[in-house]
Structure formats: C-alpha cells, structure tokens
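These notes are about the structure you will find just below.
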Amino acid sequence: MSAPPESESHRAGSPSGPQGHGSDELRIPTDAELAEMSTDDLVRLGNRIDDIEVVADRARFPVPGTRAEKRAERQVAGWFILAAIAGLAFIVAFIAWPHEWVPPGDPGSTWYALYTPAIGVTLGVSILAVGMGVIAYSKKLLPEDLTIQQRHDGRSGEVERRTAAARLVQAGQQSGIGRRKLIVRSIGAAGGVLGAGILVAAFGGLVKNPWKEGDQSPLLVTDWRSENGERVYLRKFDGDPTDVVLVRAGDLEPGSMETVFPFKESQRNDPEALTEEVRSSDSPVMLIRLRPNVPVIKRAGQEDFNYGSLFAYSKICSHMGCPTSLYEDQTMRILCPCHQSQFQANEYARPVFGPAARPLAQLPITVDDQGYLYARSDFIEPVGPGFWERRP
C-alpha cells in the first residue's frame, strides 16, 4: 500500500505539517487504515510524523550470501555461543564446585578459594559476550543509515508508537535476521542458558527443604545444642582448630570481649569434629564481660541467661548475617562492620543504630564446678538474619 495521502486535516497541535513548519499537510490514518499498511508504509508515515529525514540508507550486504556476510554472521554467532558456554559453565560451577570452607593449607583449600572467582568470571563472561554479540550484530549486519530528526517534547501518541515499532521491524527485516539461522539459534542458546543461570543463582538455595527435620531443622538449631545431655563448653580459638582451650569465668577482664565456639568432650580426640565446630557459620559467639556497676536491662524471658557480668551473644548480625566482630567498651556497643548496625550490649543486645531490626540472639551460660563456662541450652531463637517462615 502506498503512503497515506495528504489532505486538509492537520495533526493535532501542528499548524502546518507534522512539527508546525513546512507547507505539506498530513492526514493521520484511522486504526483500520493503519492495520492494512505495510511495514514500509508505516516507516514512511513515521518519518513524516516525527520529522525525520533519511539522509542515507544502505544495506550492509546488498548481495546476500557473500563470503563477507557469512563471516560477519559467524562472528556475531560466536559471541552468543561463547555466552551460552560461559553461562553453562556458571551453572555447573555454582552447583558442583566445592564451596564449603576449608582452612588455608588443608587439602581442597585452593578449590574453595577459587569458588567465588569461578562463578564470578563465568557469569561475567556470559553477560559480556551477550553484550558484545548485540553490538557486533548492530555494527556488522544492521543497515547503515543516517537520519536527522528534530527534537520534540511530550508523550508519543498511538500512531507514533506504532510507526516506531514498524521502524524496528523494518530494521530487523533489512538485517536479514529471519534467514540467519545460526545467529537465531546462538541467540536462543545464549539467552536460554544465561536465563537459566540467573534462575539457578536466585533459587538454587531453595532446592532443599529447610524444614524437613521439624524443630531440629538447621535454621532453628546450632552447634550449641546439647546431644544426649552432654555439656557444650565455651572454647577459645587460637588458630589451630585441634587445640582445645576452655574458658573460665575469670579469664576475661572487665570491658573485654572474646569470640568463643562450642566444644563437647566427646570431640576432644576428633580433629575433624573440632575443625567443623570453628567452621560452622552459626557457631561464633561474642562473650562480653561488662564493667562493674553497669546498669543492665534484660530481655523478658532471658533474665537468667547471663552469668554475673558475662553475657554471650551470637556473633551473626540479625541484619544480613555479617560477623559483629567489634566491641566498643565505653559505649558498650557491639558493631557490625558491614552495614554499621550497632547493638547495646548491656540492654540484651538490642539494635540502637543501623538497619538491623532485631536484637542479637543471646546464649544462656553458666559454669561447672571447676569454673568453666558452658551453655545451658541452645539459643531459644534462630540466629542471624530473618528468613521465610521464621518463628517469632
């Protein structure tokens, strides 16, 4: 169908032509006429409405099927194929690469150290290759054109939007995307694999059911839980996971803090179990000894969780799970270095600054007849940040 005829009708808001200048008058087609117009007709109409002048419009490859065109097509497809391969490598690395912490120097520590770089590099290469493929496609296969358009403010109407869409369709047709099966397949592979990789990263942690064990599910219990009535002592960590250094009530000076881990006597001759305790993500506890005569506010139901001036709080921040490894004695505040949350140690570790909204979980402690500190029970609430279906 030919371009729409000119008539006495003016475009709304345009006294003379599409943008108010020139002598031609433009009739806006009806919806029925728009539906019958070809892509070329819509493009020409859009050019007149948007006051676009096409200075040059030349196909990259006027003669289809030349060696140069095939070479350009393979180059574009190569980027998308690389994106698909890198995306697949990301999925494999995310799922199968050893990701559990291994102490430096132990067997497997190198593989563990490479886990984050592996998933970062593979995902980055996949995204980069997709971007390079799109750029290469536009530079090597889309038509070379030069257009000039006057700038106009305001929201585009239905005709402008439809003609702009037709312009995109025309560009795709002129690039020959429909007959470039290699590029179409490589784009599909890259997009599919990259999309699957993003889904794996977002939902990979939901594959296992965290509530399978009921009240003993991993999100609800920690290694401070006693098994068969065995006491769980507070243990220092001196850098050697096989050393056992228990904590006495008098070991800490007033105003000091010590990071402690759980220890069961049945683990004493088991290096693997001892190592696992200091590697566990929910095990670290801050043992703080307040100075004498410090006013203390205790949380309801946890009035007897401390032992004298000794208070034990989970080291896992209730905001995002970072280690709250800093203690400021003068203000008695526990600080999280990640997002600057602060917790008041003499007021049941309630949050007083930053994004954290819940107090740190407190571990109930006491001493045995030799003065060694041990946990009376596990935490009575989940440690760390919130999660779905968290119990109050």
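The values are calculated or read from the model by the stated rules, or taken from the named source; none is laboratory data. What you see is a predicted model, and the numbers here were worked out from it, not measured in a lab. Backbone-built Cβ (ideal geometry, glycine too); neighbour counts: all protein chains shown. Surface accessibility is based on the protein's heavy atoms, side chains included, excluding ligands, DNA and RNA. Shrake-Rupley method; radii C 1.70, N 1.55, O 1.52, S 1.80 Å.
Set the Förster radius R0 to 45 Å, insert the Cβ-Cβ distance between A300 and A96 as r into 1/(1 + (r/R0)^6), and round the FRET efficiency to 0.05.
After rounding, the FRET efficiency stands at 0.45.
Check which residues have an amide H placed less than 5 Å from V245's amide H, if you skip close sequence neighbours.
Amide H to amide H, under 5 Å and 5 or more residues apart or across chains, V245 pairs with K236.
Go ahead and collect, in residue order, the members of the range 64-104 whose backbone nitrogen is under 20 Å from a label point 7 Å along the Cα-Cβ direction of L114.
Residues passing the 20 Å test: 85-104.
Once label points are set 7 Å from the Cα along Cα→Cβ at both S38 and Q75, what is their separation, rounded to one decimal in nm?
Each label point is offset 7 Å from its Cα along the Cβ direction, giving 3.2 nm.
Counting just the Cα atoms, what span does the range 203-297 cover along each of its three principal axes? Round to the nearest Å and put the largest first.
49, 38, 28
Could you state the number of Å between the C-alpha centres of the range 44-74 and the range 92-129?
Taking the Cα centre of the range 44-74 as reference, the centre of the range 92-129 is 44 Å away.
In whole percent, and with a 1.4 Å probe on the protein chains, what portion of the accessible area of the chain is carbon and sulfur?
That share works out to 56 percent.
Tell me the label-point distance for the pair A171, K139, using the 7 Å Cα-to-Cβ offset, in nm and rounded to one decimal.
My value for the distance between the label points is 1.6 nm.
Quick check: net charge around L326, other residues with Cβ under 12 Å of its Cβ, Lys/Arg +1 and Asp/Glu -1?
In short, 0.
Rounded to the nearest 20 debye, what is the charge dipole size of the chain about its Cα centre when +1 sits on each Lys and Arg Cβ and -1 on each Asp and Glu Cβ?
960 debye
Calculate, axis by axis, the spread of Cα positions in the range 31-177 along the three principal axes, and write the results as whole Å, longest axis first.
Sorted from largest, the Cα extents of the range 31-177 read 73, 43, 28 Å.
Determine the sum of side-chain charges near E272: Lys and Arg each +1, Asp and Glu each -1, restricted to other residues whose C-beta is under 12 angstrom from that of E272.
Residues close to E272 contribute a combined charge of -3.
For the chain, what is the mean residue ellipticity at 222 nm derived from helices alone (per DSSP H run of n ≥ 4: -39500 (n - 2.57); sum divided by total residues; nearest 500 deg cm²/dmol)? It would help to have the intermediate numbers written out before the result.
Working: 8 runs with 128 residues, N = 392.
The helix contribution divided over the chain gives -11000 deg cm²/dmol.
Under a Cβ-Cβ cut-off of 14 Å, what is the net charge of the residues other than T242 that fall near it, where Lys and Arg count +1 and Asp and Glu count -1? Walk me through the intermediate numbers first.
On the way: positive: R235, K236, R268, R279; negative: D106, D238, D240, D243, D270, E272, E276, E277.
Net charge around T242: -4.
Enumerate by residue number the chymotrypsin sites (Phe, Trp or Tyr not before Pro) in the range 308-392 meeting two conditions: DSSP loop (anything except H, G, I, E, B), and at most 16 other Cβ atoms within 10 Å of the site's Cβ. The partial results should precede the final answer.
Working: sites: F311, Y313, Y327, F343, Y348, F353, Y372, Y374, F379, F387, W388; in loops: Y348, F379, F387, W388.
Those satisfying the criteria are F387, W388.
Taking only the alpha carbons of the chain, what extent do you get along each of the three principal axes, in Å, biggest first?
The Cα atoms of the chain stretch 102, 50, 37 Å along their principal axes.
So how exposed is K140, as accessible area in Å² (1.4 Å probe, rounded to 10)?
Counting only protein heavy atoms, K140 exposes about 80 Å² to solvent.
Which residue fluctuates most in the GNM of the chain (Cα springs below 10 Å): D238, D369, D282?
Highest fluctuation of the listed residues: D369.
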